[in-house]
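A short write-up of the structure that comes next.
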Amino acid sequence: MKEQLELILKQGLEEISSASCKDELESARIKYLGKKGELTAVLKMMGKLDASERPAMGQLANEVRAALENAIESASVKLAEAALIQQLKDEALDVTIPGKAAIVGHKHPMYVALDELKEIFIGMGFTILDGPEIELATNNFDRLNAEEGHPSRDWSDTFYFDEDSRVMLRSQTSPMQVRAMDTMELPIRILAPGRVYRKDEVDATHSPMFHQVEGMVIDKNITMADLKGTLNTVVEQLYGKGTKTRFRPHHFPFTEPSCEMDVQCHKCGGVGCPTCKGEGWIELLGAGMIHPRVLEMAGIDTNVYSGWAFGIGLERMAMRRFKIADLRLIFENDVRFLEQF
Ligand code: DAH
C-alpha cells in the first residue's frame, strides 16, 4: 500500500503541474481525490490492513491527500495568473501605432445651394416648411386650379397610387401653398423645399425625382412689384450685386398673371455664350400672383388679401452654381464627383 500511495503522489503531482488550463486541473483533481478517485480507492482498502500498519498508512494517506490538495491550490492560482496575463496581452492597445485618418464628409452641392437660398429667405422673415411627398390630387391639382383634364394630371406624367387618381407622388412643391393656407395664420411667408416626382426618363437634364423650392407670400396690398423686388434682391445675393433679371409672361393654372424669370448670364454678361446657349439669359424660375380662385378655395378674402408665389428647380440652380453639366451626377453620389465641392 505504501508503494501505491507513493505512486499516486508522484503521478498526481506530475499531472497537476502539467495541467495547462482549469479544466485539465479539475480532471486531475477528480482522478486522484474524487469520490471514485485513486486515493479514495486506496483508503477504502485501509480496513483490510493489519491493525499495526493502519496508523502509519493512515498518516501517509493524509499526507498524500494534503500534498495533492496544496499542489492543486497553487497550480490553480498560477493558471489564473497566466490567464490574466494572456488576457492583458490579447487586449493590449498599442498607442504608438499611427491612427487611421477619418474620412470627413461634407454637404452635398445641392444642399449647399439650398442652404444659401434658405439663409436669404429666412433673413427676409420667411418660415421654412416641410411637407409630404405622398400627396392628394386635391392639393396637388384641384386646389391649385388645375382642373380634371389638365395635361399635367395625365397618367403618363404623374405617379398615382390608385385607379381614381386621387393619391399621388407630388409632381411639384406647389401643394405646400395649399397646406400653408389651410394651417397658417395670415400673413404668410413660406419657403418649402422638397422632392417632387414625374414620369420622366433619366437623361442629362431629366430625372423622375428632383427637387423644387416653393415660395409664397400672402398679405394685404401685395402686388407684382413685391414679387419682382423680392426676387431681384434674392438674385443679387445669389449671383452678385447688379445681376439683371427679366420677367417673361407665362402660364400656370394657379397664378394670374404668371411669368418666368430669367437671370442675365453670369458667364458672358448677356452677350451670349455656351453656358446660356447663346441667349444671354438663363431661365431660373416660374412665378406669379396667386390666382384669386386659389385664395378663395382656401377661404381667404380676396378683397383684403393677395399674394405671390414662385417655384425653383433646385438641381438646375445647383448645376448653374457649381457648373455641373449633367443632372445624373447630382444623384449618383460618386465620391470622386462629390469630393470636388
Ligand atoms: N409648380 C410649377 C412647376 O412645377 C412651378 C411654379 C410656377 C411654382 C409658378 C409657383 C409659381 O409657385 O407661382 O412647374
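Readers should treat all values here as calculations from the given coordinates under stated rules, not as data from a laboratory. Keep in mind it's a predicted model, so treat the numbers as computed, not measured. Cβ: placed from backbone, ideal geometry, glycine included. Neighbour counts: every protein chain shown.
Evaluated against (1) within 16 Å of the ligand (Cβ to nearest atom); (2) closer than 30 Å to Val104 by Cα; (3) among the aromatic types (Phe, Trp, Tyr), Phe331 falls short on exactly one condition, (1).
Restricting region 46-75 to residues that are within 11 Å of Leu33 (Cα to Cα) and among the charged types (D, E, K, R) leaves a set whose member that is surrounded by the most Cβ atoms within 10 Å (Cβ to Cβ) is Arg65. Screening region 40-55 for residues that are assigned to a helix (DSSP H, G or I) and among the aliphatic types (A, V, I, L, M) and picking the one that is nearest to the chain's Cα centre (by Cα) gives Ala41.
The residues of region 175-218 that are among the β-branched types (Val, Ile, Thr) and within 14 Å of the ligand (Cβ to nearest atom), listed by number, are Val178, Ile188, Ile190, Val196, Val213, Val217, Ile218. Looking at Glu260, Glu296, just one residue is under 20 Å from Val217 (Cβ atoms), among the acidic types (Asp, Glu) and either touching a Cys at 6+ places or on another chain (Cβ under 6 Å) or within 16 Å of the ligand (Cβ to nearest atom) (or both), and that residue is Glu260.
Summed over region 244-255, residues that are within 10 Å of the ligand (Cβ to nearest atom) and surrounded by fewer than 21 Cβ atoms within 10 Å (Cβ to Cβ) total 3.
Of all residues in region 264-287, those being away from the ligand (no atom under 16 Å from the Cβ), within 23 Å of Gly311 (Cα to Cα) and touching a Phe, Trp or Tyr at 6+ places or on another chain (Cβ under 9 Å) number 3. Comparison of Val213, Val235 shows that the only residue that is touching a residue at least 40 places away in the same chain (Cβ under 8 Å) and either in contact with a Pro (Cβ under 6 Å, 6 or more places away or on another chain) or farther than 23 Å from Glu315 by Cα (or both) is Val213.
Can we say Ser171 is surrounded by fewer than 21 Cβ atoms within 10 Å (Cβ to Cβ) and outside any helix (DSSP H, G or I)? So Ser171 fails the test. Applying the criterion of being of a type in the set (Val, Ile, Thr) and assigned to a strand (DSSP E or B) to the residues of region 266-296, the residue that is surrounded by the most Cβ atoms within 10 Å (Cβ to Cβ) is Ile290. Considering each residue of region 306-316 in turn, none proves to be among the hydroxyl-bearing types (Ser, Thr, Tyr) and away from the ligand (no atom under 14 Å from the Cβ).
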